[in-house]
Number of protein chains: 2
Amino acid sequence: MTVSADYLKDALETLKDSGVRITPQRHAILEYLISSMTHPTADEIYKALESRFPNMSVATVYNNLRVFREVGLVKELTYGDASSRFDFVTHEHYHIICEDCGKITDFQYPGLDEIEQFASHVSGYQISHHRLEVYGLCPECANNKVN
Amino acid sequence: MTVSADYLKDALETLKDSGVRITPQRHAILEYLISSMTHPTADEIYKALESRFPNMSVATVYNNLRVFREVGLVKELTYGDASSRFDFVTHEHYHIICEDCGKITDFQYPGLDEIEQFASHVSGYQISHHRLEVYGLCPECANNKVN
DNA sequence: TTCTAAATTAATAATCATTATTAATAAATA
DNA sequence: TATTTATTAATAATGATTATTAATTTAGAA
Ligand SMILES: [Mn+2]
Ligand SMILES: [Mn+2]
Ligand SMILES: [Zn+2]
Ligand SMILES: [Zn+2]
């Protein structure tokens with residue numbers, strides 16, 4: 001069994017355990033999220049599935065992405081003006097975002113928890129989590145600049 | 001001269017050097033941003049100034065916040081659904097955000113640049129900057145929870 | 001100073017991602 | 001099978017932000 005299939009199987013299990021019905025639309029959205037490496041927007045998911053589900057509503061995509069987020073299957077990546085992007089949750093990782101083409105690349109970095117300790121110490125907050133993103137030019141876009 | 005007045009003087013200088021006219025509206029928005037410790041939204045700025053400028057348009061606030069951002073006087077803090085918040089640029093700092101009341105507290109942390117090195121190394125990106133926020137409960141909200 | 005061009009403002013319309021509403025449909029359960 | 005509940009699809013509403021445009025103000029030239 002492929003890794004993707006494993007992820008999907010576990011995800012469906014999580015839904016079942018949470019009492020969420022597994023509809024064809026939900027199955028397809030999850031499948032697409034897991035297979036996609038591009039952190040798609042709700043609209044991209046909608047468009048990718050419209051051939052298989054010609055009369056699925058875009059609201060259904062939004063609704064189900066929220067359901068997935070609430071049971072912890074999906075993380076929503078929010079930015080300023082543009083639309084949210086969605087990331088199927090596997091391992092903890094950060095993102096590098098290309099300021100030219102918008103590509104989002106995963107990367108892992110060990111031990112940023114000390115900053116939570118520090119922040120808690122200087123502010124008195126009870127810290128729950130943090131968010132970190134790195135911005136720059138992806139190799140392709142950097143290459144396009146010099147040519 | 002107070003620190004605030006110094007900031008304002010420098011900001012007006014920056015505007016003049018950039019060829020941006022200093023209108024009463026711009027002066028007031030800058031003044032409010034510098035005095036405010038709350039990282040206000042465009043609408044909060046608009047409402048705070050409406051007694052002094054009864055017929056200022058909210059579009060003027062947005063336009064001028066963009067002007068200030070473009071000349072580097074102001075940073076725009078963007079989150080998911082809610083509206084952008086604006087921070088007058090002084091020293092480099094990060095933010096701790098209360099998940100209950102939305103309060104934003106400044107804090108400084110040394111040496112997070114190594115993560116940019118790391119990200120560049122593993123991804124091949126040309127890194128320009130990063131974004132970090134820490135989330136949790138502010139002391140007041142944490143206190144309200146236990147009572 | 002007066003004239004002219006450019007910048008800025010105010011008012012308002014438009015945009016667009018997301019959410020709310022609601023009636024129809026499908027699934028679970030008694 | 002009958003009834004309740006969840007889900008969907010269609011569509012309207014929301015709300016922050018941007019675009020448009022005419023009026024006003026300002027800066028610089030004559
Ligand atoms: Mn990711
Ligand atoms: Mn700040
Ligand atoms: Zn790129
Ligand atoms: Zn709080």
Please state the Cα pair-distance histogram of segment B:94-146 with 10 angstrom bins from zero: what percent is in each bin? 22, 35, 25, 15, 4
Cβ-vector label at 7 Å, A:S128, separations to other copies in nm: 3.2
Surface/4 of the Cα convex hull for the protein assembly as shown, nm²: 21.7
Shortest first and in nm to one decimal, what separations exist between A:S35 and its copies in the other chains, measuring from label points 7 Å along the Cα-to-beta-carbon line? 5.9
Mean separation of Cα contacts under 8 Å, 6 or more apart, over the residue count of segment A:4-88: relative contact order %: 29
What list of ³J(HN,Hα) values in whole Hz, one per residue of segment A:124-136 in order, does the Karplus curve 6.51 cos²θ - 1.76 cosθ + 1.60 (θ = phi - 60°) give from phi, with Gly and Pro shown as x? x, 5, 8, 7, 10, 6, 9, 10, 9, 9, 10, 10, x
Considering only DSSP states other than H, G, I, E and B, which trypsin sites (Lys or Arg not before Pro) in segment A:15-57 qualify as loop sites with at most 13 other Cβ atoms within 10 Å? A:R21, A:R52
Report relative contact order for chain B in percent, whole number only (criteria: Cα-Cα under 8 Å, sequence separation at least 6). 17
Take the alpha-carbon positions of chain B, form their convex hull, and give its projected area averaged over all directions (one quarter of the hull surface) in nm². 12.4
Residue-wise HN-Hα coupling along segment A:15-32, computed from phi with Karplus coefficients 6.51, -1.76, 1.60 (Hz; x: Gly, Pro): 4, 4, 4, 8, x, 9, 5, 9, 8, x, 4, 5, 4, 5, 5, 4, 4, 5
Of all chain B residues, the one whose C-beta is nearest the axis that brings B onto A, in angstrom: B:L132, 2
For a quick size check, give me the Cα extents of segment A:4-88 along its three principal axes, largest first, whole Å. 35, 28, 22
Please get the size of the charge dipole for chain A, origin at its Cα centre, with Cβ charges of +1 on Lys and Arg and -1 on Asp and Glu, quoted in debye to the nearest 20. 520
For A:Y109, place a label point 7 Å from Cα along the Cα-to-Cβ direction in every copy; what are the distances to the other copies, in nm, shortest first? 0.9
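We did not get these values from a lab; they are worked out from the coordinates using the rules stated. Note that the structure is a prediction, hence the values are computed from the model and not measured. Positions of Cβ are backbone-derived with ideal geometry, glycine not excepted, and every protein chain shown enters the neighbour counts.
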